[in-house]
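The values are calculated or read from the model by the stated rules, or taken from the named source; none is laboratory data. Keep in mind the model is a prediction, meaning the values are calculated, not measured. Please note: Cβ atoms are built from the backbone with ideal geometry, for glycine as well, and neighbour counts cover all protein chains shown.
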Amino acid sequence: MKNNHFLLGLVLGCASGYIASKYLTSESGQKLIENVKTIRGDFNNGGVGLNTNSDLIDSFNEKTDALKDQMASTVDKIKDDDEDNSDIVFNEDDLNKD
């Protein structure tokens, strides 16, 4: 029984290896390998491709500057909205109603 499982595993392993080697040597397999290499390269270089340290710092500064500008404009918009709504006038009759 164990010999049958061993032989079955050996045959399936050889068949899957043969199919994988045929696929990876095909044109679509080569594209897959290139994509994997690109992803691994991006991951190993901080996820931004082959950049130098100064390029990484510049990219970070540009992104944070854009974020700061967006946040500042949002705060300005909120301040403008608050100023528009600050002219609320109450009548004494409205306050004294019970």
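Checking the structure you have, find out if any residue of segment 15-27 is polar (S, T, N, Q), modelled with pLDDT under 75 and out of contact with any Leu (no Cβ under 6 Å at 6 or more places or on another chain).
Taking every residue of segment 15-27 in turn, none turns out to be polar (S, T, N, Q), modelled with pLDDT under 75 and out of contact with any Leu (no Cβ under 6 Å at 6 or more places or on another chain).
State yes or no: is residue 48 modelled with pLDDT under 65, surrounded by 10 or more Cβ atoms within 10 Å (Cβ to Cβ) and aliphatic (A, V, I, L, M)?
When the stated conditions are applied, residue 48 passes them.
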